[in-house]
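Below is one structure, written out as structure tokens, with a few remarks after it.
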Amino acid sequence: VAFVETYGCQQNEADSEQIRGMLEHCGYGLTDGPEGADLVIFNTCAIREHAEQRVFGNVGALVHTRRRHPRQKIFLCGCMMGQPAVVERVRKSYPYVDGVFSTHHLWELPQLLLGVLTTGKRVFSVEDSAGAIAEGLPVVRENKLKAWVSVMYGCNNFCTYCIVPYVRGRERSREKSLILDEARQMISAGYKDITLLGQNVNSYGKTLADKPTFAQLLHEIDSIDGDYWLRFMTSHPKDCSKELIDTIANGTHISKHLHLPFQSGSDRILKAMNRHYDRKKYLDIVNYAKEKIDGVSLTSDIIVGFPGETYEDFKETLSLIREVEFTSLFTFIYSPRVGTPAAKMDDPISAEEKSKWFRELLDVQEEIAAKRCASMVNNTEKVLIESETGKNGELSGRTSGNIIVELKGDKSLIGTFQNVKITQARNWILKGELV
Ligand code: 5AD
Ligand code: SF4
């Protein structure tokens, strides 16, 4: 049996589903912990230092599971393995790791595994070779309702803080016909919540012969008949088009949700981050989305404490949050990544000071999210019922805008869409009743 652990974002989750698919074809069963597993694979994340430390800590602990089960093979893959310094550290300091492969080499897993099992020698497949896309890999999907569908890989934006372009390589898009086929399959297999994935979905199609836009792709998927929601992430504000917003507004299945990371509210910092938009442009898109998409739910990523950011800059971020009124935010304290331009910039603000700003940001957002949720009380919302909450007869679901709703109901409703009247808002969770 094999154990696959995923760190990081949905892109990695999607990759792990392919890893599980390949392992199943190789004859492995899947298990939910490293103890006693014949094969352990960690699919790693490099986005912040904290993520890397967790991986190294957990790889360290595998010494013990391996001692108790000497046949255990250990593989590391994912974004961390796209960094030569990390690979060197694994080579030298973690001799019991049998195999390492970067994201470009995912499809080689069966072959690498066979090599390790037949020769007992360690394998490293980490050369930088972002080019083709391996199509047709088998997939084992963990969730019965939600499916990820990658539409493009890599990133060309080189935001100055970000390691992704270095570890996942240049942007490349999947053929539209293949994405449509996969979406059709998902819909007819009964998946209810399909998320299109890419580091920057708005650049979809640039590497393809007939240059389809992301809005066209979204519209064509949306035209497939069925009972499902269609989501996507992540959009970059620099090329989030009106065409895209109109497509969402006029869509049948497209959820009324836009995840549009702005990172900072200060024009000076946005420039230093190499983001190619300013506060005004961001607000223009957001206001257009609010105008066209009734009840649109906006979410964003934010970095606090980018090198050179002052409290004045940070206040610009706070004022932007207040102005937009996001449903929820993914907030991060800046973490220097070796090899990125920002890691070489002067960073005079102390970690304590940054933590203070960070807490201030969380307080402001909590107040806004609570207000936004409270404004939904008495609305009737379409909700996808996803699971039981563990409490007696309580179910949990999500709105089109990705807000959690708890309600009473029978578990046979799981996997269906229901109209729910919102009766109460508790911070960012809604309570409701079946209509
Ligand atoms: N430090 C902190 N946050 C980062 N992100 C990307 N790189 C870093 C970094 N070095 C955040 C950005 C991005 C999200 C996925 O992670 O906000 O949108
Ligand atoms: Fe990183 Fe910027 Fe690319 Fe997003 S758009 S993956 S933040 S470089």
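The values are calculated or read from the model by the stated rules, or taken from the named source; none is laboratory data. No experiment lies behind these values; they were computed from the predicted model shown. Here the Cβ is made from the backbone with ideal geometry for all residues, glycine too, and neighbour counts use every protein chain on show. Just the protein is used for accessible areas: all its heavy atoms, side chains included, with ligands, DNA and RNA removed. Shrake-Rupley method; radii C 1.70, N 1.55, O 1.52, S 1.80 Å.
Among the residues of the range 130-168 satisfying the criterion of being over 30 Å from Ile303 (Cβ atoms), touching a residue at least 12 places away in the same chain (Cβ under 8 Å) and in contact with a helix residue (DSSP H, G or I) (Cβ under 9 Å, 6 or more places away or on another chain), which is farthest from ligand 1 (Cβ to nearest atom)? Among those that are over 30 Å from Ile303 (Cβ atoms), touching a residue at least 12 places away in the same chain (Cβ under 8 Å) and in contact with a helix residue (DSSP H, G or I) (Cβ under 9 Å, 6 or more places away or on another chain), it is Pro138.
Residues checked against (1) in contact with a strand residue (DSSP E or B) (Cβ under 7 Å, 6 or more places away or on another chain); (2) modelled with pLDDT of 95 or more; (3) among the polar types (S, T, N, Q):
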site: Met273; (1), (2), (3): yes, yes, no
site: Lys280; (1), (2), (3): no, yes, no
site: Asp294; (1), (2), (3): no, no, no
site: Pro348; (1), (2), (3): no, yes, no
site: Glu353; (1), (2), (3): no, yes, no
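Kindly indicate whether any position in the range 268-288 is open to solvent by less than 50 Å² (accessible area, probe 1.4 Å), touching a Lys or Arg at 6+ places or on another chain (Cβ under 6 Å), part of a loop (DSSP other than H, G, I, E, B) and not hydrophobic (A, V, I, L, M, F, W, C). Yes, the range 268-288 contains a residue that is open to solvent by less than 50 Å² (accessible area, probe 1.4 Å), touching a Lys or Arg at 6+ places or on another chain (Cβ under 6 Å), part of a loop (DSSP other than H, G, I, E, B) and not hydrophobic (A, V, I, L, M, F, W, C).
Any chance you could count how many residues in the range 185-218 are open to solvent by less than 10 Å² (accessible area, probe 1.4 Å) and small (Gly, Ala, Ser)? Adding up the residues that qualify gives 4. Taking the range 384-435 as the range and being among the small types (Gly, Ala, Ser), within 18 Å of Asn143 (Cβ to Cβ) and open to solvent by 50 Å² or more (accessible area, probe 1.4 Å) as the test, only Gly390 passes.
Of the residues Ser335, Ser328, Ser297, only one is in contact (Cβ under 8 Å) with a residue 24 or more places away in the chain and within 16 Å of ligand 2 (Cβ to nearest atom); which?
Values: Ser328 fails: within 16 Å of ligand 2 (Cβ to nearest atom); Ser297 fails: within 16 Å of ligand 2 (Cβ to nearest atom).
Result: Ser335 is the single residue among Ser335, Ser328, Ser297 that is in contact (Cβ under 8 Å) with a residue 24 or more places away in the chain and within 16 Å of ligand 2 (Cβ to nearest atom).
Looking across the range 376-397, the residues that are on the phi < 0 side of the Ramachandran plot and touching a residue at least 24 places away in the same chain (Cβ under 8 Å) come down to Met376, Val377, Asn379, Thr380, Glu381, Lys382, Val383, Leu384, Ile385, Glu386, Ser387, Glu388.
Out of everything in the range 239-262 that is in contact (Cβ under 8 Å) with a residue 12 or more places away in the chain, of a type in the set (S, T, N, Q) and surrounded by fewer than 22 Cβ atoms within 10 Å (Cβ to Cβ), what residue ends up being nearest to ligand 1 (Cβ to nearest atom)? Full working, then the answer.
Looking only at the range 239-262, we keep the residues that are in contact (Cβ under 8 Å) with a residue 12 or more places away in the chain, and these are 239-249, 251-262.
This time we only want the ones that are of a type in the set (S, T, N, Q), so: 241, 247, 252, 255.
Then drop every residue that is not surrounded by fewer than 22 Cβ atoms within 10 Å (Cβ to Cβ), which leaves 241, 247, 252.
Numbers: Ser241: 20, Thr247: 23, Thr252: 29 Å.
Taking the candidates together, the pick is Ser241.
Can you tell me which residue is surrounded by the fewest Cβ atoms within 10 Å (Cβ to Cβ) among those in the range 219-235 that are of a type outside the set (S, T, N, Q) and closer than 24 Å to Cys159 by Cβ? Step through it out loud before you land on a result.
So in the range 219-235, the residues of a type outside the set (S, T, N, Q) come out as 219-222, 224-233.
With closer than 24 Å to Cys159 by Cβ added as a condition, the list becomes 231-233.
Details: Arg231: 19, Phe232: 26, Met233: 21.
Per the stated criteria, the residue is Arg231.
The number of residues in the range 135-156 that are closer than 20 Å to Lys206 by Cβ and open to solvent by 20 Å² or more (accessible area, probe 1.4 Å) comes to 3. Taking the criterion of being at pLDDT 95 or above, buried (at least 16 other Cβ atoms within 10 Å of the Cβ) and under 30 Å from the mean Cα position of the chain (by Cα), the residues of the range 109-134 that qualify are Leu109, Leu112, Leu113, Val123, Phe124. Within the range 289-339, the set of residues being of a type in the set (Ser, Thr, Tyr), in contact with a Phe, Trp or Tyr (Cβ under 6 Å, 6 or more places away or on another chain) and closer than 28 Å to Pro84 by Cα comprises Tyr334 only.
Check the range 304-319 and report whether any residue there is small (Gly, Ala, Ser), assigned to a helix (DSSP H, G or I) and away from ligand 1 (no atom under 13 Å from the Cβ). Yes, the range 304-319 contains a residue that is small (Gly, Ala, Ser), assigned to a helix (DSSP H, G or I) and away from ligand 1 (no atom under 13 Å from the Cβ).
Where helices (runs of 4 or more DSSP H) fall entirely within the range 1-101, those with at least 1 residues that are of a type outside the set (Val, Ile, Thr), within 16 Å of ligand 2 (Cβ to nearest atom) and open to solvent by less than 60 Å² (accessible area, probe 1.4 Å) are at 10-25, 49-68.
Taking residues in the range 73-96 that are more than 12 Å from Glu52 (Cβ to Cβ), and partners anywhere that are open to solvent by 10 Å² or more (accessible area, probe 1.4 Å) and aliphatic (A, V, I, L, M), the pairs with Cβ atoms closer than 6 Å and at least 6 places apart or on different chains are Val87/Val126.
Can you find even one residue in the range 373-383 that is at pLDDT below 95, under 23 Å from Pro261 (Cβ atoms) and not aromatic (Phe, Trp, Tyr)? There is at least one residue in the range 373-383 that is at pLDDT below 95, under 23 Å from Pro261 (Cβ atoms) and not aromatic (Phe, Trp, Tyr).
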